[in-house]
Amino acid sequence: MNDLSPAFDLEVAPLLATVGETKAPISVFGLGYVGAVSMACIASLGHRMIGVDPDMTKVARIAAGESPIVEDRLGDLLSDGVARDLIDATNDARTAVLATDMSFVSVGTPTAADGGCDFRYVRMVARQIGAALAEKDSFHLVVLRCSVPPGTTRDVMVPELEAASGKRLGEGFGIAFNPEFLREGTAVRDFFQPTKTVIGASDKRSAAMLAEVYAPVDETISFVAVETAEMVKYVDNTWHATKVAFANEVGRLCKAFATDSHAVMDIFCQDRHLNLSPYYLKPGFAFGGSCLPKEVRAMQHLAQERGVRLPLIDSLTETNDEHIASALRLIEETGARRVGFLGITFKPNTDDLRESPTLELVAECLERGLEVAVYDPNLHAEGDLEGHYAYMRHARPHLRAVMTALPDVARSSADDVAGAADVLVVSHKAHGYGDAVARRPEGVAVIDLIRLFPEIPEEASYHGIGW
Ligand SMILES: NC(=O)c1ccc[n+]([C@@H]2O[C@H](COP(=O)([O-])OP(=O)(O)OC[C@H]3O[C@@H](n4cnc5c(N)ncnc54)[C@H](O)[C@@H]3O)[C@@H](O)[C@H]2O)c1
């Protein structure tokens, strides 16, 4: 299994039936914003909860059914949980682990001095839980819920748990990463109306135990690899930050042109097909064509004219160029002397070559003296091909040599290109390119720019640009 595939296919309902009728008791390490809300909400579902924190003020408040933070409805849920004898709090990690079936870890993960993630609290809690596990005979699940870089659960938490417990992962304990998506201020509401529930677990039993906890509020759980679950949280928050920054840049630009930014963004948000949708949000190759690069440059120019700084929009061309450069590095790393391209127009189903990022790759390869072969059926379609070439020679002078070379390096089929290449660069999911790749001669490497196959080929000669 590669780390991109789901950990396993779980049918939640039958597995839940095997977990048992009684609700598992749960310990929660770290009674901050995440821990306190989780304690209160999960207790309201009928689980017995024991909170653990070295901060005795927080421990005392939770044990008394009082909220240690300002958070809507949290105080009511905590006092209700204490009244039902479902909530307790302590600074004694050992007792909490021995009295529960699973431990949620929601300690702080601050930014380290080098800008990375400071794991000290995660390590400390893992050692405490591990020491208690050494005394425990029954299975225990440890669930990391902090925001951490991919690999942390397996590479940081598990070694600490194993060293302190003397047990191996899977023998006596399991692990899971379960990101939380609670927004401060509406955290309780978000818990009961989740936008998604994501579980990355070490084994089916652990996944099922955790799914059982969430079943009353969400049965459509995404079971993924542990590292995928870890990455989801970072990507979510970075996307939200990107949205805020983008909308604010639109606001600053609109203000400079006395245009109503809210009217503009109201229209923008109405488009659920291209704007607020999965469209354009799957990693693939660089943007190009006659519109996107030009309009981005136009926005930058407008901003400069009015003295408005737009660092996010300014960065778009740079990140796109970096993506093209990364494709070129992949080609170079294969050591190939003969490079075959399947698809060179800026997207499938057009003969438009304007600002095609693949054409930039062809140009770089020719400049490096590599042998190039290309196939794109749309370039053989009826139409003013010579007109296109003439336009490109005029509009993109750095591509003049490519436009001159193109008729000579063009082949009549994808198989022809595959037979004349050491590496195949595929930039469209069309025209049977997947089949041509699958039956390519032995030894021909592949650079996949568009995720050709639903299952990623596990071949040393296959390289995806973002997977
Ligand atoms: N606050 C949020 O809304 C939010 C949202 C998403 C993700 N997160 C992530 O969740 C994690 C927790 O965030 P938070 O805001 O709840 O943090 P917090 O700082 O409010 O709480 C952390 C708690 O952990 C306790 N702690 C430290 N060492 C401990 C130990 N050995 N045993 C038990 N408890 C210990 C601290 O005393 C503190 O009470 C972080 O990784 C954060 O990035 C938080």
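Which FRET efficiency value, to the nearest 0.05, is calculated for ARG127 and LEU276 with the Förster distance at 35 angstrom and r the Cβ-Cβ distance?
The computed FRET efficiency comes out at 0.20.
Sorted by average packing, counted as other Cβ atoms within 10 angstrom per residue and highest first, what order do 181-187, 274-280, 221-227, 355-361 take?
My ranking of the peptides, most packed first, is 355-361, 221-227, 181-187, 274-280.
For SER290 and PHE181, compute 0.36 nm times the residue count separating them, minus their Cα-Cα distance, and round to one decimal in nm.
35.4 nm
Which net charge results when you count Lys and Arg as +1 and Asp and Glu as -1 among the other residues whose beta-carbon is under 11 Å from that of PHE104?
In short, 0.
Can you tell me the dipole magnitude for the chain around its Cα centre, using point charges on the Cβ only (Lys, Arg +1; Asp, Glu -1), in Debye to the nearest 20?
Dipole about the Cα centre, nearest 20: 660 debye.
With +1 on the Cβ of every Lys and Arg and -1 on the Cβ of every Asp and Glu, and nothing else charged, how large is the dipole of the stretch 12-226 about its Cα centre, in debye rounded to the nearest 20?
300 debye
What share of the DSSP beta bridges in the chain is antiparallel, in percent to the nearest 5?
If we restrict to bridges inside the chain, about 5 percent are antiparallel.
Using mean Cβ contacts within 10 Å as the protection proxy, how do 79-88, 290-299 order, highest first?
Final packing ranking: 79-88, 290-299.
So for the chain, what are the equivalent ellipsoid semi-axes in whole Å, largest first, each being the square root of 5 times an eigenvalue of the Cα gyration tensor?
Output for the chain: semi-axes of 52, 28, 18 Å.
Among the listed pairs LYS196/LYS243; LYS196/LYS282; LYS23/LYS233; LYS255/LYS294; LYS204/LYS243; LYS196/LYS255, which are separated by more than 29 Å between their Cα atoms?
Over 29 Å Cα-Cα: LYS204/LYS243; LYS196/LYS255.
Quick one: angle between helix 120-133 and the longest Cα principal axis of the chain, in degrees between 0 and 90, rounded to 10, please.
50 degrees
Cα axis of helix 400-409 to longest principal axis of the chain: angle in degrees, 0 to 90, nearest 10?
With rounding to tens, the tilt is 80 degrees.
Using only Cα atoms, find the angle between the long axis of helix 204-214 and the longest principal axis of the chain, and express it within 0 to 90 degrees, rounded to the nearest 10.
Long axis of 204-214 versus the principal axis of the chain: about 70 degrees.
Evaluate the distance, in nm, between pseudo-label points positioned 7 Å from the Cα of VAL244 and of VAL308 along their respective Cα→Cβ axes.
Going from the VAL244 label point to the VAL308 one covers 2.0 nm.
Each reported figure results from applying straightforward, stated rules to the coordinates on display, with no laboratory input. None of the values given here were measured: they were computed from a predicted structure. Please note: Cβ atoms are built from the backbone with ideal geometry, for glycine as well, and neighbour counts cover all protein chains shown.
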